[in-house]
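Undergrad: This structure is in structure tokens; I'll ask about it shortly.
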Amino acid sequence: MRILQVSSARNLGGGETHVLELTEALRERGHEVVLAGRPGSAIHPDIRFPFLNSVDLLTAYRFRRLLRRTQFDIVHAHVARDYTLTAAAAWSVPNVKVVLTRHLLYPVRPLALYRRIDGWIAPTSQILRTLAPLYPKKSAVIPNWVNLEKFPYCPHAALHRPVNLGLLGQISPHKGHDYALEAMRMLGSRYKLLIAGKGDNAYTEDLKKRAVGFPVDFLGFVSLPDFFETVDILLAPSLVEPFGIVLLEAMARGVPVVSTAAGGPLDIVRSDVDGLLVPPRDAKALAGAVRKLAENDELRARIIAEARKRVEAEFDIRKVIPRIEEFYEQLREIR
């Protein structure tokens, strides 16, 4: 197949890594894949459009000219602001199938342009339900993935002393850092919290002030292998999480996870099987789950092993990419 991947993202984050890995994997499987993006983008696109905003007429015009002169089988867009431009550019262009991936939990505002969309991909069942008002022609839940070659299975032989709890990602109120700090008040000096990532400066400084006197370190940006080597239990206390790729990375590596049961983690973690789930905004439950894992070696070992098996079976990039490829093929068969 000849496939055009579209992403107007400027910087390299989780979503952009997703597009790059998808592009590389499809090329390895023999497809001709072209990447379209904005000038100066960290994804280094093959084709560059301005992508000023979701109603950028210049980009829509140039995009449409490309689709008319180059026969693509599939056009696949990944960023919400690109949806309207992609649909407009492909309007009445024959033989090309248009696919959008929805990575966010809040609903898409229905537009007449979306009648041009042939298929929607949702990484979780919760996101898929938000697409129902659009009456999609075809849709599927196809999860995000983890490349197991980058995350070898290396569970710890024993816990650190104190037990290192890790929180990795954007430092923002919706990520639940407040509840992790409150849990630390309950857990005491036998535990240490390692917060990795960057975010809102004012919020970060407020967290640092509130963490004074507690065993909490703010690490900034970290190397994932080094971080997972140091962390005994990964915390994901988000108030809501569209997916939660860090859960897959930790589970693949052999680090047990405690996550809130909100959004994507419900599709990733089976509580008491390959991780522990707790209600959001509940520091007491978060602290209790941490103790449960840390104080029960048998439970922790079983969860670590089951988590790795689950990632291998459901979220390995070698298992997920063929599902996207199959979705493309199914759309091509629809006339």
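Undergrad: Can you tell which of L148, G264, V34 lies farthest toward the positive end of the dipole of the chain, using +1 and -1 charges on the Cβ of basic and acidic side chains (Lys, Arg; Asp, Glu)?
TA: V34
Undergrad: Now a separate question. Nothing charged except the Cβ atoms of Lys and Arg (+1) and of Asp and Glu (-1): what's the magnitude of the dipole of the chain about its Cα centre? Round to the nearest 20 debye.
TA: Numbers: 46 positive and 37 negative charges, 222 e Å.
Dipole of the chain, to the nearest 20 debye: 1060 debye.
Undergrad: Using the crude model of +1 on Lys and Arg Cβ and -1 on Asp and Glu Cβ, and no other charge, please compute the dipole size for the stretch 227-302 relative to its Cα centre, in debye to 20.
TA: Details: 8 positive and 11 negative charges, 40 e Å.
For the stretch 227-302, the charge dipole is close to 200 debye.
Undergrad: Roughly speaking, what is the stretch gain from K208 to K309, that is 0.36 nm per residue apart minus the C-alpha to C-alpha distance, in nm to one decimal?
TA: On the way: separation 101, 0.36 × 101 = 36.36 nm, distance 3.71 nm.
Once the chain is fully extended between K208 and K309, it gains 32.6 nm.
Undergrad: If you don't mind, there's one more thing I want to ask. Run the numbers for Q170 and R109: contour at 0.36 nm per residue of separation, minus the present Cα-Cα distance, in nm.
TA: The span from Q170 to R109 would gain 19.3 nm if fully extended.
Undergrad: Let me ask something else. For the pair R190 and V93, what calculated FRET efficiency results from E = 1/(1 + (r/R0)^6), where r is the Cβ-Cβ distance and R0 = 56 Å, to the nearest 0.05?
TA: Working: r = 62 Å, r/R0 = 1.11.
Calculated transfer efficiency: 0.35.
Undergrad: List the extent of the Cα atoms of the stretch 163-315 along each of their three principal axes, largest first, rounded to whole Å.
TA: 42, 29, 29
Undergrad: Still on this structure, I have one more. Which of the trypsin sites (Lys or Arg not before Pro) found in the stretch 33-123 are loop residues per DSSP with 10 or fewer other Cβ atoms within 10 Å of their Cβ? Before the final figure, lay out the partial values.
TA: Numbers: sites: R48, R62, R64, R65, R68, R69, R81, K97, R102, R115, R116; in loops: R102.
The qualifying sites: there are none.
Undergrad: Relative to 2.2 N^0.38 Å, what does the C-alpha radius of gyration of the stretch 149-216 come to as a ratio? Two decimals please.
TA: For the stretch 149-216, the normalised Cα radius of gyration comes out at 1.24.
Undergrad: Taking the Cα centroid of the stretch 22-47 and of the stretch 318-333, what is the distance between the two, rounded to the nearest whole Å?
TA: After rounding, the separation between the Cα centres reads 17 Å.
Undergrad: Further question: Between Y114, Y153, Y61, find the one with the highest GNM mean-square fluctuation for the chain; connect C-alpha pairs within less than 10 Å.
TA: Among Y114, Y153, Y61, the largest GNM mean-square fluctuation belongs to Y61.
Undergrad: Which of these, L67, L52, L276, has the largest mean-square fluctuation under a Gaussian network model of the chain (Cα springs below 10 Å)?
TA: Among L67, L52, L276, the largest mean-square fluctuation in the Gaussian network model of the chain belongs to L52.
Undergrad: Please build a GNM for the chain, connecting alpha carbons under 10 Å apart, and tell me which residue among A252, A112, A313 fluctuates the most.
TA: Evaluated over the chain, the most mobile residue of the options is A112.
Coordinate-derived values only; no laboratory data. Quick caveat, the model's predicted, so the values are computed rather than measured. In this analysis, Cβ positions are derived from the backbone assuming ideal geometry, glycine residues included, and neighbour counts consider all displayed protein chains.
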